[in-house]
């Protein structure tokens, strides 16, 4: 079970809320127009951090296989919700390739945290 008295789940929840808030706003007035060339890298990086935070929360204490599976399933819904919010937001574009970048970033962040945790903690 997740320990809500710890700061770890609140860090993850806050980050997800910031991500969803970011999806609501239209960034059409950004003065840096060429930033959209790097859109997939931005998505990857954003979700890489999400994956790190998820495993940071999960590895607070020994985790069961069921907890891990449920967490991965829940975290897999976040890119879908994020892209759905963008679909209904004016001047925002939702795309499957963005969602794929999101998934790669998230799962890669989870993988990196898992590997570094195993290296340093055995």
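Can you pull out the residues in the range 88-119 that are more than 12 Å from the chain's Cα centre (by Cα) and crowded, with 18+ Cβ neighbours inside 10 Å?
98, 113
What is the number of the single condition among (1) modelled with pLDDT of 90 or more; (2) over 11 Å from the mean Cα position of the chain (by Cα) that residue 60 does not meet?
Condition not satisfied by residue 60: (1).
State all residues of the range 25-57 that are in a helix (DSSP H, G or I) and either at pLDDT below 85 or farther than 20 Å from residue 83 by Cβ (or both); if no residue qualifies, say none.
33, 34, 35, 36, 37, 38, 39, 52, 55, 56, 57
The values are calculated or read from the model by the stated rules, or taken from the named source; none is laboratory data. From a predicted model like this one, the values you see are computed outputs, not experimental measurements. Because the Cβ atoms are built from the backbone with ideal geometry, glycine has one as well, and the counts that use them run over all protein chains shown.
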